[in-house]
Amino acid sequence: MQDFFTNVSRYPRYLISFSLGVLYTFVKPLLPLFQRPTTAIATSLLLLSGFAFIAFTLRAMLEL
C-alpha cells in the first residue's frame, strides 16, 4: 500500500514538469520576436487578441 501512495504522490510533480515543458516549447520560438520593439508590439497585440478571442468564444459557448 505504501508503494501506491508513493506512486500517486509523483503525479503532481509530473504534471508540473510536463506543463512547464509545454510552456517552454511554446515560448522559446517567440523570444526572438521580442528583441525589436516593432515585432514586440505586434507579437504582444497578436497574443492579446488571440487570448481575447478564446475568452469571448468560451463565454459565448458556455453562455456566461
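The values are calculated or read from the model by the stated rules, or taken from the named source; none is laboratory data. Given the structure is predicted, the values throughout are model-derived calculations rather than measurements. Virtual Cβ from ideal backbone geometry, glycine too; neighbours counted across all protein chains shown.
Which one is farthest from residue 47 (Cα to Cα), of the residues in region 15-33 that are modelled with pLDDT of 95 or more and among the aromatic types (Phe, Trp, Tyr)?
By that ranking, first place goes to 18.
Working only within region 1-32, note down all residues that are surrounded by 10 or more Cβ atoms within 10 Å (Cβ to Cβ) and among the aromatic types (Phe, Trp, Tyr).
Hit for region 1-32 is 18, nothing else.
So which residues in region 55-64 are surrounded by 10 or more Cβ atoms within 10 Å (Cβ to Cβ) and either under 15 Å from the mean Cα position of the chain (by Cα) or among the aliphatic types (A, V, I, L, M) (or both), if there are any at all?
55, 58, listed by residue number.
Are any residues in region 33-46 surrounded by 10 or more Cβ atoms within 10 Å (Cβ to Cβ), of a type outside the set (D, E, K, R) and without any contact (Cβ under 8 Å) to a residue 12 or more places away in the chain, and if so, which ones?
If the condition is that a residue be surrounded by 10 or more Cβ atoms within 10 Å (Cβ to Cβ), of a type outside the set (D, E, K, R) and without any contact (Cβ under 8 Å) to a residue 12 or more places away in the chain, then 33, 34, 39, 40, 41, 42, 44, 45, 46 are the ones that fit.
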